[in-house]
Amino acid sequence: MVLRRVPEPKAGKARLHLDFECEDLDATMNFVEGLGGSKVHTLTEGDFSLIVAADTEGSEFCLIPNSG
């Protein structure tokens with residue numbers, strides 16, 4: 001998957017929510033921030049954590065640890 005910036009503003013509410021599995025949550029979040037994204041918050045339940053992040057237009061997606 002490729003994330004790209006486009007000059008057009010967001011026209012309406014996003015109807016798509018993506019979850020990305022990743023090996024290293026912190027490294028992936030750093031990559032997202034390098035592309036202009038931001039961390040919204042971290043959800044933790046027991047030993048499981050995921051990061052809710054947003055792209056430059058505010059559309060949210062989740063970074064979840066690879067289940068193995």
Relative contact order of the chain, pairs being alpha-carbon contacts under 8 Å that are 6 or more residues apart, as %: 35
Angle in degrees between helix 25-34 and the longest Cα principal axis of the chain, rounded to the nearest 10: 20
The chain - mean residue ellipticity at 222 nm from DSSP helices (-39,500 (n - 2.57) per run, n ≥ 4, rounded to 500): -4500 deg cm²/dmol
Gain on full stretching of the segment that runs from R4 to L25 - 0.36 nm per residue minus C-alpha separation: 5.5 nm
Lys/Arg +1, Asp/Glu -1 at C-beta; the chain dipole; positive extreme among T44, T28, L16: L16
Size descriptor, Kirkwood hydrodynamic radius, that averages inverse alpha-carbon separations across the chain, Å: 12.8
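Only Lys, Arg, Asp and Glu count, each charged at its Cβ (+1, +1, -1, -1), so figure out the dipole size of the chain about its Cα centre, rounded to 20 debye. Numbers along the way, then the final one.
Details: 6 positive and 12 negative charges, 97 e Å.
Computed about the Cα centre, the dipole is about 460 debye.
Each reported figure results from applying straightforward, stated rules to the coordinates on display, with no laboratory input. Just so we're clear, the structure is a prediction, and the values are computed from it rather than from any experiment. Cβ coordinates were reconstructed from backbone atoms using ideal geometry, including for glycine residues, and neighbour counts include every protein chain displayed.
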